[in-house]
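Engineer: Here it is, the structure, as C-alpha coordinates.
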Amino acid sequence: MIVGVPQEVKNYEFRVGLTPGNVSGLCKQGHCVLVQRGAGEQIGLSDESYRLAGATLIDSAAEVFKKAEMIVKVKEPQPQECAMLREDQILFTYLHLAPDPIQTKALMDSGATCIAYETVTSFNGALPLLAPMSEVAGRMSIQAAACHLEKTHGGLGILMAGVPGVAPAKVVILGGGVVGRNALQMAVGMGADVCIFDRDIERLRQIDAFYGNRVRTYYSDPLLIEQRVCEADVVIGAVLLPGAAAPKLVTQEMIRKMQAGAVVVDVAIDQGGCFETSKPTTHAAPTYLVDGVLHYCVANMPGAVARTSTFALTNATYPFVEALANRGVIEALSIDHHLRNGLSVHRGNLTSKPVAQAQGLDFVMAQELLVV
Ligand SMILES: NC(=O)c1ccc[n+]([C@@H]2O[C@H](COP(=O)([O-])OP(=O)(O)OC[C@H]3O[C@@H](n4cnc5c(N)ncnc54)[C@H](O)[C@@H]3O)[C@@H](O)[C@H]2O)c1
(Lines give C-alpha, C1' and ligand atoms only; values in the text may rest on other atoms or scores of the structure.)
Protein backbone atom coordinates (compact mmCIF):
# COMPACT_ATOMS: atom_id res chain seq x y z
CA MET A 1 0.00 0.00 0.00
CA ILE A 2 1.09 3.59 -0.55
CA VAL A 3 0.92 5.39 2.79
CA GLY A 4 1.07 9.20 2.90
CA VAL A 5 2.16 11.40 5.79
CA PRO A 6 1.47 15.10 5.17
CA GLN A 7 2.80 17.86 7.39
CA GLU A 8 0.18 19.03 9.90
CA VAL A 9 -1.32 22.40 9.00
CA LYS A 10 -3.30 23.28 12.12
CA ASN A 11 -2.02 26.28 14.06
CA TYR A 12 0.94 25.34 16.32
CA GLU A 13 0.66 21.65 15.46
CA PHE A 14 4.08 20.02 15.11
CA ARG A 15 3.22 16.37 15.68
CA VAL A 16 3.57 13.93 12.82
CA GLY A 17 1.54 10.82 11.93
CA LEU A 18 4.43 8.32 11.65
CA THR A 19 7.97 8.26 13.08
CA PRO A 20 11.02 7.11 11.10
CA GLY A 21 10.82 3.85 13.06
CA ASN A 22 7.23 3.31 11.86
CA VAL A 23 8.28 4.10 8.28
CA SER A 24 11.04 1.53 8.51
CA GLY A 25 8.57 -1.07 9.79
CA LEU A 26 6.14 -0.45 6.90
CA CYS A 27 8.86 -0.38 4.24
CA LYS A 28 10.28 -3.70 5.47
CA GLN A 29 6.83 -5.20 4.86
CA GLY A 30 6.82 -4.00 1.27
CA HIS A 31 4.79 -0.81 1.63
CA CYS A 32 5.73 2.55 0.17
CA VAL A 33 5.67 5.55 2.52
CA LEU A 34 5.47 9.12 1.22
CA VAL A 35 6.44 11.76 3.76
CA GLN A 36 5.99 15.46 3.07
CA ARG A 37 9.34 17.21 3.25
CA GLY A 38 9.72 18.97 6.61
CA ALA A 39 6.88 17.03 8.30
CA GLY A 40 8.95 16.18 11.39
CA GLU A 41 11.72 18.80 11.21
CA GLN A 42 10.28 20.95 14.01
CA ILE A 43 10.51 18.11 16.52
CA GLY A 44 13.91 16.80 15.57
CA LEU A 45 12.69 14.14 13.11
CA SER A 46 14.71 15.19 10.08
CA ASP A 47 13.90 14.51 6.44
CA GLU A 48 17.16 12.58 6.35
CA SER A 49 16.00 10.27 9.18
CA TYR A 50 12.80 9.51 7.22
CA ARG A 51 14.77 8.97 4.03
CA LEU A 52 17.18 6.57 5.74
CA ALA A 53 14.15 4.69 7.14
CA GLY A 54 12.94 4.12 3.57
CA ALA A 55 10.47 6.98 3.01
CA THR A 56 10.12 8.86 -0.25
CA LEU A 57 10.21 12.58 0.50
CA ILE A 58 7.53 14.62 -1.27
CA ASP A 59 7.48 18.38 -1.71
CA SER A 60 3.80 19.22 -1.27
CA ALA A 61 0.79 18.01 0.68
CA ALA A 62 -1.19 18.04 -2.58
CA GLU A 63 1.16 15.45 -4.06
CA VAL A 64 1.01 13.27 -0.92
CA PHE A 65 -2.81 13.33 -0.99
CA LYS A 66 -2.81 12.64 -4.74
CA LYS A 67 -0.52 9.61 -4.63
CA ALA A 68 -1.32 7.94 -1.28
CA GLU A 69 -3.93 5.23 -0.76
CA MET A 70 -3.95 5.87 2.99
CA ILE A 71 -3.32 9.21 4.69
CA VAL A 72 -2.02 9.00 8.26
CA LYS A 73 -2.29 12.27 10.16
CA VAL A 74 -2.66 13.60 13.69
CA LYS A 75 -5.31 16.34 13.80
CA GLU A 76 -8.67 16.45 12.07
CA PRO A 77 -8.32 17.43 8.40
CA GLN A 78 -8.61 21.15 7.75
CA PRO A 79 -10.94 22.31 4.92
CA GLN A 80 -8.11 22.41 2.37
CA GLU A 81 -7.16 18.83 3.33
CA CYS A 82 -10.77 17.57 3.16
CA ALA A 83 -10.92 18.97 -0.36
CA MET A 84 -7.93 16.80 -1.38
CA LEU A 85 -9.42 13.52 -0.08
CA ARG A 86 -10.96 11.21 -2.64
CA GLU A 87 -13.11 8.13 -2.91
CA ASP A 88 -11.32 4.86 -2.09
CA GLN A 89 -8.75 6.70 0.03
CA ILE A 90 -8.34 5.87 3.72
CA LEU A 91 -7.96 8.67 6.26
CA PHE A 92 -6.65 7.57 9.66
CA THR A 93 -6.43 10.43 12.17
CA TYR A 94 -8.25 12.20 15.00
CA LEU A 95 -11.60 13.54 13.70
CA HIS A 96 -13.72 14.79 16.66
CA LEU A 97 -16.74 15.06 14.36
CA ALA A 98 -19.60 15.39 16.88
CA PRO A 99 -19.35 19.19 17.32
CA ASP A 100 -18.17 19.79 13.73
CA PRO A 101 -20.92 19.52 11.06
CA ILE A 102 -18.80 21.27 8.42
CA GLN A 103 -16.01 18.70 8.61
CA THR A 104 -18.58 15.87 8.75
CA LYS A 105 -20.16 17.05 5.51
CA ALA A 106 -16.77 17.56 3.84
CA LEU A 107 -15.68 14.01 4.73
CA MET A 108 -18.99 12.54 3.54
CA ASP A 109 -18.69 14.50 0.29
CA SER A 110 -15.13 13.20 -0.26
CA GLY A 111 -16.24 9.56 -0.47
CA ALA A 112 -13.16 8.55 1.57
CA THR A 113 -13.09 5.97 4.38
CA CYS A 114 -12.40 7.97 7.53
CA ILE A 115 -11.35 6.21 10.72
CA ALA A 116 -11.23 8.30 13.89
CA TYR A 117 -8.43 7.51 16.34
CA GLU A 118 -10.56 8.66 19.26
CA THR A 119 -13.28 6.02 18.95
CA VAL A 120 -11.14 2.93 18.26
CA THR A 121 -11.68 0.67 21.29
CA SER A 122 -9.74 -2.00 23.18
CA PHE A 123 -10.85 -5.28 24.77
CA ASN A 124 -11.76 -3.58 28.08
CA GLY A 125 -13.85 -0.86 26.42
CA ALA A 126 -11.09 1.76 26.76
CA LEU A 127 -10.02 4.15 23.97
CA PRO A 128 -6.39 3.17 23.31
CA LEU A 129 -5.67 5.83 20.66
CA LEU A 130 -7.10 8.65 22.76
CA ALA A 131 -5.34 7.48 25.91
CA PRO A 132 -1.76 8.58 25.10
CA MET A 133 -2.85 12.12 24.19
CA SER A 134 -5.15 12.20 27.19
CA GLU A 135 -2.20 11.26 29.38
CA VAL A 136 -0.21 14.15 27.91
CA ALA A 137 -3.13 16.65 28.09
CA GLY A 138 -4.07 15.58 31.62
CA ARG A 139 -0.52 16.11 32.86
CA MET A 140 -0.21 19.39 30.93
CA SER A 141 -3.51 20.73 32.27
CA ILE A 142 -2.06 21.15 35.76
CA GLN A 143 1.17 22.61 34.35
CA ALA A 144 -0.95 25.13 32.36
CA ALA A 145 -3.14 25.90 35.38
CA ALA A 146 -0.12 26.42 37.67
CA CYS A 147 1.44 28.77 35.12
CA HIS A 148 -1.77 30.79 34.58
CA LEU A 149 -2.42 31.11 38.31
CA GLU A 150 0.64 33.35 38.36
CA LYS A 151 -0.18 37.06 38.46
CA THR A 152 1.92 37.83 35.38
CA HIS A 153 -0.18 35.37 33.38
CA GLY A 154 -3.46 36.91 34.54
CA GLY A 155 -4.18 34.57 37.46
CA LEU A 156 -4.94 35.05 41.13
CA GLY A 157 -1.28 35.01 42.11
CA ILE A 158 -1.41 31.64 43.84
CA LEU A 159 1.33 29.05 44.09
CA MET A 160 -0.19 25.64 43.37
CA ALA A 161 1.60 24.01 46.31
CA GLY A 162 1.26 26.88 48.79
CA VAL A 163 4.10 27.06 51.35
CA PRO A 164 4.24 26.14 55.05
CA GLY A 165 1.65 28.40 56.69
CA VAL A 166 -0.17 29.23 53.43
CA ALA A 167 -2.78 26.91 51.91
CA PRO A 168 -2.24 25.32 48.49
CA ALA A 169 -4.52 25.94 45.50
CA LYS A 170 -7.96 24.28 45.50
CA VAL A 171 -8.20 22.13 42.37
CA VAL A 172 -11.45 20.55 41.12
CA ILE A 173 -11.18 17.89 38.42
CA LEU A 174 -14.36 17.00 36.50
CA GLY A 175 -14.00 13.48 35.10
CA GLY A 176 -11.81 10.70 36.46
CA GLY A 177 -10.86 9.06 33.16
CA VAL A 178 -7.42 9.17 31.59
CA VAL A 179 -7.18 12.99 31.47
CA GLY A 180 -8.64 13.35 34.96
CA ARG A 181 -6.40 10.74 36.59
CA ASN A 182 -3.27 12.16 34.97
CA ALA A 183 -4.26 15.67 36.08
CA LEU A 184 -4.88 14.26 39.55
CA GLN A 185 -1.45 12.65 39.68
CA MET A 186 0.24 15.97 38.79
CA ALA A 187 -1.95 18.05 41.13
CA VAL A 188 -1.26 15.72 44.04
CA GLY A 189 2.43 15.69 43.11
CA MET A 190 2.48 19.50 43.23
CA GLY A 191 0.83 19.49 46.64
CA ALA A 192 -2.54 21.00 45.66
CA ASP A 193 -5.80 20.49 47.58
CA VAL A 194 -7.63 18.25 45.09
CA CYS A 195 -11.09 16.79 44.60
CA ILE A 196 -12.35 14.81 41.63
CA PHE A 197 -15.84 14.12 40.23
CA ASP A 198 -17.06 11.24 38.10
CA ARG A 199 -20.35 9.49 37.48
CA ASP A 200 -18.61 6.11 37.36
CA ILE A 201 -18.44 4.88 40.95
CA GLU A 202 -15.93 2.15 40.10
CA ARG A 203 -13.53 4.88 38.87
CA LEU A 204 -14.02 6.75 42.13
CA ARG A 205 -13.38 3.55 44.12
CA GLN A 206 -10.09 2.99 42.30
CA ILE A 207 -8.98 6.59 42.94
CA ASP A 208 -10.00 6.35 46.58
CA ALA A 209 -8.14 3.06 47.02
CA PHE A 210 -4.99 4.54 45.46
CA TYR A 211 -4.89 8.00 47.07
CA GLY A 212 -6.78 7.37 50.33
CA ASN A 213 -7.74 10.55 52.12
CA ARG A 214 -5.19 12.61 50.14
CA VAL A 215 -7.93 13.20 47.51
CA ARG A 216 -11.71 13.70 47.89
CA THR A 217 -13.84 11.82 45.39
CA TYR A 218 -17.38 12.93 44.54
CA TYR A 219 -20.20 11.50 42.51
CA SER A 220 -21.11 13.90 39.69
CA ASP A 221 -24.01 15.65 41.40
CA PRO A 222 -24.87 19.09 39.93
CA LEU A 223 -25.29 20.79 43.31
CA LEU A 224 -22.00 19.45 44.66
CA ILE A 225 -20.25 20.45 41.43
CA GLU A 226 -21.61 23.97 41.83
CA GLN A 227 -20.39 24.21 45.45
CA ARG A 228 -16.88 22.96 44.70
CA VAL A 229 -16.47 24.87 41.44
CA CYS A 230 -17.53 28.19 42.95
CA GLU A 231 -14.84 27.98 45.66
CA ALA A 232 -12.09 26.56 43.40
CA ASP A 233 -8.86 28.24 42.28
CA VAL A 234 -8.54 25.78 39.39
CA VAL A 235 -11.13 23.65 37.58
CA ILE A 236 -10.08 21.03 35.04
CA GLY A 237 -12.76 19.87 32.55
CA ALA A 238 -12.04 16.23 31.66
CA VAL A 239 -15.37 14.52 30.99
CA LEU A 240 -16.16 12.47 27.92
CA LEU A 241 -19.19 10.73 26.43
CA PRO A 242 -17.38 8.75 23.71
CA GLY A 243 -17.95 10.23 20.25
CA ALA A 244 -20.58 12.67 21.55
CA ALA A 245 -20.60 16.33 22.55
CA ALA A 246 -19.33 16.87 26.12
CA PRO A 247 -21.99 17.52 28.79
CA LYS A 248 -22.00 21.12 30.05
CA LEU A 249 -21.34 20.53 33.75
CA VAL A 250 -20.33 24.13 34.55
CA THR A 251 -22.83 26.88 33.74
CA GLN A 252 -22.14 30.53 33.00
CA GLU A 253 -23.80 31.31 36.35
CA MET A 254 -21.23 29.16 38.20
CA ILE A 255 -18.37 30.90 36.37
CA ARG A 256 -19.85 34.24 37.45
CA LYS A 257 -19.71 33.08 41.10
CA MET A 258 -16.02 32.04 40.90
CA GLN A 259 -13.32 34.41 42.12
CA ALA A 260 -11.64 36.65 39.56
CA GLY A 261 -8.25 35.24 38.60
CA ALA A 262 -9.30 31.61 39.05
CA VAL A 263 -8.28 29.37 36.14
CA VAL A 264 -10.42 26.87 34.24
CA VAL A 265 -8.76 24.44 31.82
CA ASP A 266 -11.30 22.78 29.52
CA VAL A 267 -9.44 19.78 28.17
CA ALA A 268 -12.74 18.43 26.80
CA ILE A 269 -12.95 21.39 24.41
CA ASP A 270 -12.27 19.09 21.46
CA GLN A 271 -15.69 17.57 22.12
CA GLY A 272 -17.34 20.97 22.55
CA GLY A 273 -16.18 21.57 26.14
CA CYS A 274 -17.82 21.01 29.50
CA PHE A 275 -18.05 24.69 30.55
CA GLU A 276 -20.88 26.73 29.01
CA THR A 277 -18.37 29.57 28.56
CA SER A 278 -15.73 27.55 26.69
CA LYS A 279 -14.62 28.27 23.16
CA PRO A 280 -11.61 26.71 21.45
CA THR A 281 -8.29 28.56 21.68
CA THR A 282 -4.83 27.90 20.24
CA HIS A 283 -1.31 27.83 21.67
CA ALA A 284 -0.78 31.25 20.04
CA ALA A 285 -3.49 32.80 22.27
CA PRO A 286 -4.42 30.09 24.78
CA THR A 287 -6.56 32.07 27.24
CA TYR A 288 -9.43 34.55 27.46
CA LEU A 289 -11.47 35.99 30.33
CA VAL A 290 -15.14 35.46 31.16
CA ASP A 291 -16.36 37.29 34.27
CA GLY A 292 -12.74 37.59 35.41
CA VAL A 293 -12.14 33.83 35.21
CA LEU A 294 -9.21 32.82 33.01
CA HIS A 295 -10.25 30.18 30.45
CA TYR A 296 -7.59 27.93 28.88
CA CYS A 297 -9.29 25.92 26.12
CA VAL A 298 -6.55 24.78 23.74
CA ALA A 299 -7.98 22.08 21.50
CA ASN A 300 -4.61 20.48 20.74
CA MET A 301 -2.75 20.71 24.05
CA PRO A 302 -0.35 17.83 23.27
CA GLY A 303 0.84 19.81 20.24
CA ALA A 304 2.91 21.94 22.63
CA VAL A 305 4.99 18.93 23.62
CA ALA A 306 4.94 17.58 20.09
CA ARG A 307 7.95 15.31 20.32
CA THR A 308 6.76 13.43 23.41
CA SER A 309 3.26 13.35 21.93
CA THR A 310 4.36 12.00 18.53
CA PHE A 311 6.09 9.01 20.07
CA ALA A 312 3.27 8.42 22.61
CA LEU A 313 0.64 8.57 19.84
CA THR A 314 2.41 6.47 17.23
CA ASN A 315 3.26 3.78 19.81
CA ALA A 316 -0.52 3.28 19.99
CA THR A 317 -1.59 3.92 16.37
CA TYR A 318 1.15 2.04 14.54
CA PRO A 319 -0.23 -1.51 15.00
CA PHE A 320 -3.50 -0.34 13.37
CA VAL A 321 -1.64 1.41 10.52
CA GLU A 322 0.20 -1.86 9.93
CA ALA A 323 -3.06 -3.86 9.94
CA LEU A 324 -4.71 -1.46 7.45
CA ALA A 325 -1.67 -1.52 5.16
CA ASN A 326 -1.21 -5.31 5.30
CA ARG A 327 -4.84 -6.37 5.04
CA GLY A 328 -6.51 -3.50 3.21
CA VAL A 329 -9.28 -1.45 4.78
CA ILE A 330 -12.24 -3.79 4.22
CA GLU A 331 -10.56 -6.88 5.68
CA ALA A 332 -8.88 -4.95 8.52
CA LEU A 333 -12.20 -3.39 9.57
CA SER A 334 -14.16 -6.62 9.09
CA ILE A 335 -11.96 -8.78 11.32
CA ASP A 336 -11.25 -6.22 14.06
CA HIS A 337 -14.37 -4.76 15.62
CA HIS A 338 -12.23 -2.47 17.80
CA LEU A 339 -10.77 -0.79 14.71
CA ARG A 340 -14.25 -0.81 13.14
CA ASN A 341 -15.52 1.21 16.11
CA GLY A 342 -13.30 4.00 14.78
CA LEU A 343 -15.01 4.04 11.38
CA SER A 344 -16.91 7.33 11.16
CA VAL A 345 -17.47 7.92 7.45
CA HIS A 346 -17.37 5.39 4.61
CA ARG A 347 -18.09 6.17 0.95
CA GLY A 348 -20.39 9.06 1.72
CA ASN A 349 -22.18 7.37 4.64
CA LEU A 350 -21.97 8.39 8.27
CA THR A 351 -21.23 5.26 10.34
CA SER A 352 -20.92 6.82 13.81
CA LYS A 353 -24.17 6.77 15.76
CA PRO A 354 -23.13 9.41 18.35
CA VAL A 355 -22.04 11.82 15.58
CA ALA A 356 -25.33 11.23 13.73
CA GLN A 357 -27.27 11.87 16.95
CA ALA A 358 -25.29 15.03 17.77
CA GLN A 359 -25.99 16.46 14.31
CA GLY A 360 -29.47 15.04 13.60
CA LEU A 361 -28.19 13.00 10.62
CA ASP A 362 -28.89 9.44 9.43
CA PHE A 363 -26.29 6.76 10.00
CA VAL A 364 -25.61 3.30 8.58
CA MET A 365 -24.16 0.37 10.58
CA ALA A 366 -20.54 -0.15 9.48
CA GLN A 367 -21.05 -3.91 8.94
CA GLU A 368 -23.71 -3.23 6.30
CA LEU A 369 -21.21 -1.28 4.21
CA LEU A 370 -18.09 -3.41 4.54
CA VAL A 371 -18.38 -5.48 1.40
CA VAL A 372 -15.60 -5.79 -1.15
N1 LIG B 1 -7.68 19.45 24.50
C2 LIG B 1 -6.85 18.47 24.19
O3 LIG B 1 -5.77 18.70 23.69
C4 LIG B 1 -7.22 17.05 24.53
C5 LIG B 1 -6.24 16.04 24.51
C6 LIG B 1 -6.63 14.73 24.89
C7 LIG B 1 -7.95 14.48 25.24
N8 LIG B 1 -8.87 15.49 25.21
C9 LIG B 1 -10.26 15.31 25.58
O10 LIG B 1 -10.38 15.16 26.99
C11 LIG B 1 -11.65 14.56 27.27
C12 LIG B 1 -11.46 13.44 28.29
O13 LIG B 1 -10.72 12.37 27.70
P14 LIG B 1 -10.38 11.03 28.51
O15 LIG B 1 -9.40 10.29 27.68
O16 LIG B 1 -10.03 11.34 29.90
O17 LIG B 1 -11.74 10.27 28.47
P18 LIG B 1 -12.17 9.04 29.44
O19 LIG B 1 -13.27 8.32 28.75
O20 LIG B 1 -10.98 8.27 29.88
O21 LIG B 1 -12.74 9.77 30.72
C22 LIG B 1 -13.90 10.53 30.69
C23 LIG B 1 -14.51 10.44 32.05
O24 LIG B 1 -15.62 11.34 32.07
C25 LIG B 1 -16.57 10.73 32.92
N26 LIG B 1 -17.87 11.38 32.73
C27 LIG B 1 -18.73 11.30 31.69
N28 LIG B 1 -19.82 12.04 31.93
C29 LIG B 1 -19.64 12.61 33.15
C30 LIG B 1 -20.40 13.46 33.95
N31 LIG B 1 -21.61 13.90 33.56
N32 LIG B 1 -19.90 13.83 35.16
C33 LIG B 1 -18.69 13.40 35.58
N34 LIG B 1 -17.92 12.58 34.87
C35 LIG B 1 -18.39 12.18 33.66
C36 LIG B 1 -16.55 9.26 32.52
O37 LIG B 1 -17.16 8.43 33.49
C38 LIG B 1 -15.05 9.04 32.40
O39 LIG B 1 -14.47 8.59 33.62
C40 LIG B 1 -12.16 14.10 25.90
O41 LIG B 1 -13.10 15.03 25.41
C42 LIG B 1 -10.94 14.09 25.04
O43 LIG B 1 -11.25 14.21 23.66
C44 LIG B 1 -8.52 16.76 24.85
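The values are calculated or read from the model by the stated rules, or taken from the named source; none is laboratory data. Here the structure is a predicted model, which is why all the values come from computation and not from measurement. No Cβ is skipped: glycine too gets one built from the backbone with ideal geometry, and neighbour counts run over all protein chains shown. Each accessible area value is taken on the protein alone, full model and side chains, heavy atoms only, with ligands, DNA and RNA left out. Shrake-Rupley method; radii C 1.70, N 1.55, O 1.52, S 1.80 Å.
Engineer: Of these, G21, G40, which one is open to solvent by 20 Å² or more (accessible area, probe 1.4 Å) and either on the phi < 0 side of the Ramachandran plot or at pLDDT below 95 (or both)?
Structural biologist: Selected residue: G21, the only one of G21, G40 that is open to solvent by 20 Å² or more (accessible area, probe 1.4 Å) and either on the phi < 0 side of the Ramachandran plot or at pLDDT below 95 (or both).
Engineer: Now for a different question. Which one of these is out of contact with any His (no Cβ under 9 Å at 6 or more places or on another chain), within 16 Å of the ligand (Cβ to nearest atom) and among the polar types (S, T, N, Q): Q89, Q143?
Structural biologist: Q143
Engineer: Which of (1) open to solvent by less than 40 Å² (accessible area, probe 1.4 Å); (2) assigned to a helix (DSSP H, G or I); (3) within 15 Å of the ligand (Cβ to nearest atom) does C195 not meet, given it meets every other one?
Structural biologist: Condition not satisfied by C195: (2).
Engineer: Residue check: is Q259 farther than 16 Å from A145 by Cβ and outside the structural domain of A356 (by TED's automatic domain parsing)?
Structural biologist: Taking the combined requirement at face value, the residue does not satisfy it.
Engineer: Filter segment 197-211 down to the residues that are touching an Asp or Glu at 6+ places or on another chain (Cβ under 9 Å) and under 16 Å from Q185 (Cβ atoms) and list them by number.
Structural biologist: If the condition is that a residue be touching an Asp or Glu at 6+ places or on another chain (Cβ under 9 Å) and under 16 Å from Q185 (Cβ atoms), then L204, I207 are the ones that fit.
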